[in-house]
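Quick one: structure below, then a few questions.
The values are calculated or read from the model by the stated rules, or taken from the named source; none is laboratory data. This one's a predicted model, so the numbers in the text were calculated from it and none came from an experiment. Positions of Cβ are backbone-derived with ideal geometry, glycine not excepted, and every protein chain shown enters the neighbour counts.
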C-alpha cells in the first residue's frame, strides 16, 4: 500500500485518515484490499473501503431462554412461513450441558469487513446502501455457488442456504421483510428483537468490538432480572468472584439453617 | 393442506417395518392434536378392547396448527395418546402432553403427527430426518440405547444424528437442496422404567419435558421402541404472517415484561416469569446461575430452567416437587437434585411415586409392611427421605424387586393385590382420586376438577379454575389482601367468557352449587374447551385460559380473544371461540365412545371413597391452603372457605344422571346414536351399535 498524503485523502473523500481508522465521524469504514467489491468508497492507491453497517445485533446467551421465538419470527417475517432452518439467527441448545454453555446464539455480525460480500462472484451478496449498509443477499442474483457460506468465518455460517427458494440468505436486520407490517432495517425494527420474551437480543448502531465478547453482551441489567431469573449480573455473561463468593456463602448459610431445623 | 399444517401424518408399523402416511386433511374437522389423535386411533386400532401392551395398540404423537409458530403458550406442545397401562381398573384410551422442541420439529420435518403400531422384534429407535424415516437398532450391539436412561439416550442420539458435528450446519440428504439444520434433533424416549413395563413409566424429552401420566413410556417399551428422534429442515406456511406478528405484539403489550416486571397477583404461580417452574426448579439445582427455559415459540418460559450444574435440566413443578416429596417432606431439606434426575432418567411418573410414599411409610410405621411383615419388604424405610432410600425405592420399581414387583403395576393394582385397596382408599391413606390416579386438585372443593376427572380417563390436569378461583382467591386473604375483584365481579368477568353459555352461575362452588345444573353446564363446557383449545389447537394448560390477567385493564384476561386470534392467523380459518367449543364437544364424545367400546359403565364415573367421607387434606395432595372459592348463597355472591367439605353419594349420583342427560348420553352414560350422528361421529355410533353398547 502506497503512502497516502493525509491532506489529499481528506480532500478527496471527506474522511480524514484518523477518522477512517477509528470509524468515527459517521462514516465508519472497513478497509478491504482487492476483491470484486461494489459500492465501495475509493481511497487513493487501490485501497477500497466498504461502509460499515448501520446496525448490529447483540445477544446475551446467559439470558436467552431457548424458546426459538427469534428464529421463528425471522422465518415468518421474511418468508411467511415457520422454519428453523430458514432462520438467519440460530439458537442451538444442549439441555445436558451446564448453564450458561447450554445455549449458543449465532447471529450475523454484519462484519465491517464482510468476507461473504467479498466472496460473492455476482454481487448478490452485497452491501445495501439504501438500507443502512446492511450486508444482504439479492436472491435474484444468487447463482447458488455457496461461496458466501464457505467464506463466513463463523460456525455455523451466518450465510445459509435456502433449499426451498434455492438461494443463499443472511440476516439483513429485517430490511426486507415483506410479511411484516413494521418497518425493518437498521433504522427500523428487527423481528427477533421484538419477539424475544427475555429481551435477550439488543441492537446497536456502533460497531461492536470484533470478538465474541463484543457481540455476546450482558443484557441482564436489572435486579428484577437477576432475582427472577436467578441470573448473575456479571459482565459479559460471567459471574464476578464477588457474586460467586456471595452465592456460596448464601448456600452454606441455607444448609446450616436447614441442619439446625 | 397448508397454513399451519405439514399435510401428512406418519404411520409406522413396527411389526412389519412398514412406513406409510395418512392425509391430515382427512382429519381436518378435528383441528389437530387430541381430536386428530382420537380419530386416527379410532381408525387404526380396530379392536378397542385390547390391552395397553398388545402390539396392536396405537400410540400417537400429534401436533396442532399453532405448534412451531409464534403462538404464545402452545408452540411447543405435543399430544400423546394410546391405550394406557396406568389407568385402572380399565386401561383407558388416555392422553398426556409434553412441551419443548419436538412438536415444532416434526412439523418442519413434514409431519403433523406420528402414529406407531405393532411391536419390533428387537429394540429399535425411530430416526426421522424430514421425509427419511429409518427404524434403527437400539440394542446394546446396535446403537446402544436400550438399557440406558433418557438423558443418555438423548445425548447419544444427538451424536448419532449429527455425525459428531455438533456446531455447524449438518446436511441431511445428499444434494444441495435436501435440507440442512444447525439444530440438535428433538428426541423423546422412554427410560429403563418403560423398557421394563412399569405401568407408570413416562416419556421424557430434553430432560424435563415429559408425557408423565398414563404409562406411555411402557407403551414404547412394549413395542421395543426406545426413542423417536426428529430433525426437520422444512417450513410450514402461515396463512396471515402479518396478523401473526401483530397478534404476538398484542400479547406482549398485555403480559409481563421480563425486564420491567410488575408483580403478578397472589397465587397466580404460573404467571411469574419462568412460571412456577422456575421457583420450584430453583430448588432442584445447585450452583450459581440458572436460566428460565421455554418451549418452542412460547413467551411464558416456564419449562423448568437449566442451571450451572446441569442438574434437573428442564425439570420443574411436580418433577422437582418429587424431590421435595421424596426428601424434604421426610425431614431432609438437603434432598438433592439427583432425586429428580434419577426419576427423569428412569422415566417415571412423579405423581405416582409421590402418592406411593406416604402410603407405604404409613404401612411401614404401623407394622403392616416390612421385613417379615404381611407385606414383605426390606427397603430401608427407616431412612426414608434420604438420597439412599430414594435410590433403593426407584431401583426396586424399575427392576421389579422387593415391593417394586407390585408397585410397578401402579398403586391401585398393588393395593388390590395386597388386599388393601378398599381400606386405604376409604381412609384416604392411599390418595387415589379416580381411575387409579393420584389426587391432584380437589374434587370435594374445586369440583370441576374432580368431576371432570371422574367422567374421563385420568386426572384432568387442567388448571383453569385452579389458579384463579382457588390459588388466587385463597392466597390473597392469607397475605392480608382482598381478591383482585369482589366475587360477583369476578364470576361475571370470567362467566362472560364461558361461551356460548356465559353464565356466572357456572362458577358457584357452594355446597349446592357443585351439584347444580349450572355446574353440569360448566363441567361440560370445561371438557369441550380443554379438548379443543388446549389439547387439539393446541394451547398450553399453563397459558390458557387467561381469565385473570394481572397486567390488563380491570384484570380482564385475554380469553376468549386469544385462542381464535392466533389459531386463525396461522390457519386462515375463521374458527370462533364458540366453534372451538363445538369441536371440543365432538372430540369429548368420540373419546367417551372409545371408553364405552373399552367396556366403560357408570361405575367408572365414580370418585374414590375417601372423597365422600373425609374433609381433611389427603396424605399426598396439592391441597396446601384452604379453598376459598366463589359461592352464591342467600341470593348473593361471596368468597367462602369450603375447606373441610366432602362429597355426598346421592347428590353426586344425581349430578351424574343430569350430566349424562345434558350431554345427550343414555342412562348408562354412553353417548346415544342420535348424539353421535348429530356430531358427525357416525363411525363411532356404528361401532358402538355393533358392540351392543347402544
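(1) in contact with a helix residue (DSSP H, G or I) (Cβ under 6 Å, 6 or more places away or on another chain); (2) farther than 17 Å from residue B:627 by Cβ: which one isn't true of residue B:516, the others all being true?
Unmet condition: (1).
Enumerate the helices (runs of 4 or more DSSP H) found wholly within segment B:262-368, keeping only those where 2 or more residues are within 11 Å of chain A (Cβ to nearest Cβ) and at pLDDT below 90.
Where helices (runs of 4 or more DSSP H) fall fully within segment B:262-368 and carry at least 2 residues being within 11 Å of chain A (Cβ to nearest Cβ) and at pLDDT below 90, they are B:275-284.
Also: Would you please name the residue that is nearest to the other protein chains (Cβ to nearest Cβ), looking only at residues in segment A:91-101 that are in contact with a helix residue (DSSP H, G or I) (Cβ under 9 Å, 6 or more places away or on another chain) and crowded, with 24+ Cβ neighbours inside 10 Å?
Once the filter is applied, the top-ranked residue is A:95.
Could you check segment B:376-464 for helices (runs of 4 or more DSSP H) lying wholly inside it with 3 or more residues that are closer than 26 Å to residue B:669 by Cα and touching a strand residue (DSSP E or B) at 6+ places or on another chain (Cβ under 7 Å)?
Counting at least 3 such residues, we get B:447-454.
On the given criteria, is residue B:208 more than 30 Å from residue A:158 (Cβ to Cβ) and within 14 Å of chain A (Cβ to nearest Cβ)?
yes
Considering (1) buried (at least 24 other Cβ atoms within 10 Å of the Cβ); (2) part of a loop (DSSP other than H, G, I, E, B), say which one residue B:119 fails and leave the rest.
If we test residue B:119 against (1) buried (at least 24 other Cβ atoms within 10 Å of the Cβ); (2) part of a loop (DSSP other than H, G, I, E, B), just (1) comes out false.
With B:81, B:86 as the choices, which residue is at pLDDT 95 or above, outside any strand (DSSP E or B) and not assigned by TED's automatic domain parsing to the domain that holds residue B:461?
B:86
Taking segment B:553-580, which residues are within 14 Å of residue B:72 (Cβ to Cβ) and in contact (Cβ under 8 Å) with a residue 40 or more places away in the chain?
Matches in segment B:553-580: B:557, B:558, B:559, B:562, B:565, B:566, B:567, B:569, B:570.
Quick one: residue B:362 ticks every box in (1) over 32 Å from the mean Cα position of the chain (by Cα); (2) over 23 Å from residue B:345 (Cα atoms) bar one, so which box is it?
(1)
Report every pair of residues separated by at least 6 positions or lying on different chains whose Cβ atoms are under 8 Å apart, first residue within segment B:342-356 and outside the structural domain of residue B:390 (by TED's automatic domain parsing), second surrounded by fewer than 24 Cβ atoms within 10 Å (Cβ to Cβ).
Matching pairs, first to second residue: none at all.
Now for a separate question. Would you confirm, using the coordinates I've provided, whether residue B:122 is at the interface with chain A (Cβ under 9 Å from one of its Cβ atoms) and in contact (Cβ under 8 Å) with a residue 12 or more places away in the chain?
When the stated conditions are applied, residue B:122 does not pass them.
Now for a different question. So which residues in segment B:485-501 are free of Cβ contacts under 8 Å to residues at least 40 places away in the same chain and either in contact with a helix residue (DSSP H, G or I) (Cβ under 6 Å, 6 or more places away or on another chain) or assigned to a helix (DSSP H, G or I) (or both), if there are any at all?
Result: B:489, B:492, B:495, B:498, B:501.
While we're on this one: List, please: which pairs have Cβ atoms under 9 Å, are six or more places apart or on different chains, and start with a residue in segment B:645-665 that is more than 16 Å from residue B:522 (Cβ to Cβ) and end with one that is part of a strand (DSSP E or B)?
Taking only residues 6 or more apart or on different chains, the pairs are B:664/B:671; B:665/B:671.
Output the number of residues of segment B:247-261 satisfying the condition of being assigned to a helix (DSSP H, G or I) and at the interface with chain A (Cβ under 9 Å from one of its Cβ atoms).
Selection size over segment B:247-261: 3.
Within segment A:71-90, identify whether any single residue is more than 7 Å from chain B (Cβ to nearest Cβ) and in a strand (DSSP E or B), and answer yes or no.
yes
Out of B:117, B:69, which single residue is more than 25 Å from residue A:96 (Cβ to Cβ) and facing chain A (nearest Cβ under 10 Å)?
Just a single option satisfies the conditions, and that option is B:69.
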